[in-house]
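A quick write-up on the structure given underneath.
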Amino acid sequence: MVNYARTKYFNSMASITLADLPVGTAGAVIKIEGSGAEIIRLMDMGFTPKTKVTLFKIAPLGDPYEVILRGYHLTLRVSECLKIKVEK
């Protein structure tokens, strides 16, 4: 038998990608997945661990995403957002 209360708790604490974050909500960066050059590029843009990032809006066709990070607006492709793991 599944304990649904426990499942709900662990699912809320699980990491999600930046692309899965609802518009208008914030999360803290946990890690970045990908090759070395991709990770370095995203970290140079400010995506370092424990950094607060807010999904500001999504373009009408679904790509790109606009995020607020360290006080500035940044536009990322969905493929880049899928590599960034955040915690709500």
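The values are calculated or read from the model by the stated rules, or taken from the named source; none is laboratory data. This structure is a prediction, so every number in the text was calculated from the model and none was measured. No Cβ is skipped: glycine too gets one built from the backbone with ideal geometry, and neighbour counts run over all protein chains shown. Surface areas here come from the heavy atoms of the whole protein model, side chains and all, with no ligands, DNA or RNA. Shrake-Rupley method; radii C 1.70, N 1.55, O 1.52, S 1.80 Å.
If the condition is being under 9 Å from the mean Cα position of the chain (by Cα), under 14 Å from residue 42 (Cα atoms) and either free of Cβ contacts under 8 Å to residues at least 12 places away in the same chain or in a strand (DSSP E or B) (or both), then the stretch 68-87 contributes 84, 85, 86.
Looking only at the stretch 40-67, how many residues end up being without any contact (Cβ under 8 Å) to a residue 12 or more places away in the chain and under 20 Å from residue 15 (Cβ atoms)?
Qualifying residue count, the stretch 40-67: 1.
Scanning the stretch 13-30 for residues that are open to solvent by less than 40 Å² (accessible area, probe 1.4 Å) and in contact with a Leu (Cβ under 6 Å, 6 or more places away or on another chain) yields 17, 19, 21, 27.
Mind listing just one residue for me: the one in the stretch 44-56 that is open to solvent by 70 Å² or more (accessible area, probe 1.4 Å) and within 13 Å of the chain's Cα centre (by Cα) and, of those, nearest to residue 78 (Cα to Cα)? Ranking the qualifying residues of the stretch 44-56, first place goes to 56. Number of residues in the stretch 55-67 that are within 20 Å of residue 38 (Cα to Cα), assigned to a strand (DSSP E or B) and of a type in the set (D, E, K, R) equals 1.
Restricting the stretch 58-76 to residues that are of a type in the set (D, E, K, R) and modelled with pLDDT under 95 leaves a set whose member that is most open to solvent (accessible area, probe 1.4 Å) is 70.
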